[in-house]
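A.B. asks: Sharing a structure with you now.
The values are calculated or read from the model by the stated rules, or taken from the named source; none is laboratory data. Because the structure is predicted, anything quoted here is derived from the model rather than measured. Note: ideal-geometry Cβ built from the backbone for every residue, glycine included; neighbour counts use all protein chains shown.
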Amino acid sequence: MNSEARIVITGAGLTSPNGDNLAEFRQNLLSGRSGVGKIDTHYMGEVIAGLCDFDPLKYQKKKALRRGTRAGSIAIYCANEAIIDSNLDFFSFDKSRIGIYLGITEHGNVETENEIYNIKQYDYNVDFWSHHHNPRTVANSPAGEVTLNLGITGPHYTLGAACAAGNIGLIHGLQMLRLKEVDLALAGGVSETPHTFGVFAAFKNEGALASHTEPEKASRPFDKNRNGIVVSEGGCICTLERLHDALERDAKIYGEIAGYAINSDASDFILPNPLRQMECMNSALKSAGISAGDIDIINTHATATVEGDKAECKAIKEVFGDDSNVYINNTKSFIGHTMGAAGALELMGNLPSFEDHIVHQTINIDDLDPECVFKNLIINEPRKIDRVDNILNNSFGMLGINSVVIVKKYRE
Amino acid sequence: MTGEEIRSMILEVIQEILPDEDVSNLKPDIRIRDQVEMDSMDFLDIIMELRKRYGIIVPEDDYMKLFTLDSSVAYLEPLMKEI
């Protein structure tokens, strides 16, 4: 493949419940520090969730913060951090050649709920419904806020893809670069979901909301006593560039997106389909031109639902074999499920492994589910390994959407 | 409310809507939007605050009467004298 078609990650801005930049996030993953706590939410009281504590005023004025949404604020923080991290000469970069592609699980729930909550005190008189509601809830809103903040005039939109969205933001950015639609992609995903009570209530009523006396232990993928999802917010935006452009400006390269795949289960609204997950991983491997044996680390999607974790384990075993040596971990055990951000955020937390050869662990496994046993599932302590060349990142979502991204260590 | 109380209330509302601006030195007889960075959505925030705080409904035809501090006070004084 020529260097015009090879797409590399040259910068990252992120915020997660346990870190507001890559160094802090990575350090907290390796030291086993959870970012999950408790929050108060409308109608439900105290719930377990993961919130970020970045300073929104670092890149936004107070008025913009008041006008926009939490997802927009997260996106603005991540986009600015990514650009700084990339060391691009952003000032002189042609802003019409920058595209913003952000994965979202949902958007608008928070803002709509808040308005309904507000007009309740006025006996549901819609004269008190905010005129800001429409710009806050259009589906492109988080990406659009980034354009307003940074003066970017290229294309911007979000990609609604449930919890597969973070990966899909990256995949779409790669595709737009290959099509020469843009010269720089700000790609990834964002989530403001903990600020909507509805998602908590729905997960609770379907028996999929995590509960635990200690919040930091609530997110426990692969543990026999897992009982559901911890809803979290977060964001991760990467600067993606053609390898040719990155080399020309001597950019730092975190990794090269070697392969990807997106497919659909076409089988159920919420239940996962291990056959389609397996097909998606196989397609991504084919796209990367490598075999399962070439993958060193799998960052699993597992959200700590009983059925979801089992389905993914089954799919991985189908692709990699029961006796595979691949190292397997899970990031949600630390930060909960950051929804639209999860794919990009969890992938980014693993990319430093190319350099330090350490695989971060999965925490909160006290009693491993026999259906989730792998030879090299990294449990509770990080592990140093000999080499890391390829990382596979799973992200799956409701309505049966699967996404897989494979990133390889950059070599000329 | 007296005229001065209304003036003070309007300034408080504008400060809340424009938290990055210093509105304490707004000239009373010049259009507010010519003195601070205020767009039409911000202006509608003032209308909404009057509705929420005091139940005052400003018809769209009267919006221009709220363009300066002085005109706002003059317009609102009779509407708010019992408040």
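A.B. asks: Could you check residue A:298 against (1) touching a helix residue (DSSP H, G or I) at 6+ places or on another chain (Cβ under 6 Å); (2) not in a loop (DSSP other than H, G, I, E, B) and say which number it fails?
C.D. replies: (1)
A.B. asks: Within segment B:28-57, take every residue that is under 21 Å from residue A:122 (Cα atoms) and under 11 Å from the mean Cα position of the chain (by Cα) and give me the one that is nearest to the other protein chains (Cβ to nearest Cβ).
C.D. replies: First, pick out the residues of segment B:28-57 that are under 21 Å from residue A:122 (Cα atoms): B:44-57.
Checking which are under 11 Å from the mean Cα position of the chain (by Cα) leaves us with B:44-50.
Values: B:44: 5, B:45: 8, B:46: 11, B:47: 9, B:48: 7, B:49: 11, B:50: 12 Å.
Checked segment B:28-57; the qualifying residue nearest to the other protein chains (Cβ to nearest Cβ) is B:44.
A.B. asks: Go through segment A:344-376 and give me each residue that's crowded, with 21+ Cβ neighbours inside 10 Å and assigned to a strand (DSSP E or B).
C.D. replies: Hits for segment A:344-376 are A:359, A:362.
A.B. asks: In segment A:41-58, how many residues are touching a strand residue (DSSP E or B) at 6+ places or on another chain (Cβ under 6 Å), assigned to a strand (DSSP E or B) and either not aliphatic (A, V, I, L, M) or not assigned by TED's automatic domain parsing to the domain that holds residue A:18 (or both)?
C.D. replies: 3
A.B. asks: Using the structure shown, decide if residue A:16 is surrounded by 14 or more Cβ atoms within 10 Å (Cβ to Cβ), modelled with pLDDT under 95 and in contact with a strand residue (DSSP E or B) (Cβ under 8 Å, 6 or more places away or on another chain).
C.D. replies: Numbers: surrounded by 14 or more Cβ atoms within 10 Å (Cβ to Cβ): yes; modelled with pLDDT under 95: no; in contact with a strand residue (DSSP E or B) (Cβ under 8 Å, 6 or more places away or on another chain): yes.
No, not satisfied.
A.B. asks: Out of (1) within 20 Å of the chain's Cα centre (by Cα); (2) within 30 Å of residue A:81 (Cα to Cα), the odd one out for residue A:305 is which?
C.D. replies: Just one mismatch for residue A:305, condition (2).
A.B. asks: For segment A:113-128, state whether one or more residues are away from chain B (no Cβ under 14 Å), buried (at least 22 other Cβ atoms within 10 Å of the Cβ) and on the phi < 0 side of the Ramachandran plot.
C.D. replies: No: segment A:113-128 contains no residue that is away from chain B (no Cβ under 14 Å), buried (at least 22 other Cβ atoms within 10 Å of the Cβ) and on the phi < 0 side of the Ramachandran plot.
A.B. asks: Residue by residue through segment A:61-105, note down the ones that are within 14 Å of another protein chain (Cβ to nearest Cβ) and small (Gly, Ala, Ser). Give the derivation first.
C.D. replies: Here is the first cut: in segment A:61-105, the ones within 14 Å of another protein chain (Cβ to nearest Cβ) are A:61-68.
Answer for segment A:61-105, where residues must be within 14 Å of another protein chain (Cβ to nearest Cβ) and small (Gly, Ala, Ser): A:64, A:68.
A.B. asks: Output the residues belonging to segment B:21-64 that are part of a loop (DSSP other than H, G, I, E, B), free of Cβ contacts under 8 Å to residues at least 40 places away in the same chain and surrounded by 13 or more Cβ atoms within 10 Å (Cβ to Cβ).
C.D. replies: If the condition is that a residue be part of a loop (DSSP other than H, G, I, E, B), free of Cβ contacts under 8 Å to residues at least 40 places away in the same chain and surrounded by 13 or more Cβ atoms within 10 Å (Cβ to Cβ), then B:21, B:23, B:30, B:31, B:35, B:36, B:38, B:56, B:58 are the ones that fit.
A.B. asks: Could I ask something else about it? Identify, please: which residue in segment A:180-207 is among the β-branched types (Val, Ile, Thr) and assigned to a helix (DSSP H, G or I) and is, among those, surrounded by the fewest Cβ atoms within 10 Å (Cβ to Cβ)? Steps first, please.
C.D. replies: Within segment A:180-207, the first condition is being among the β-branched types (Val, Ile, Thr), and the residues that meet it are A:182, A:190, A:193, A:196, A:199.
Those left that are additionally assigned to a helix (DSSP H, G or I): A:193, A:199.
On the way: A:193: 29, A:199: 21.
Checked segment A:180-207; the qualifying residue surrounded by the fewest Cβ atoms within 10 Å (Cβ to Cβ) is A:199.
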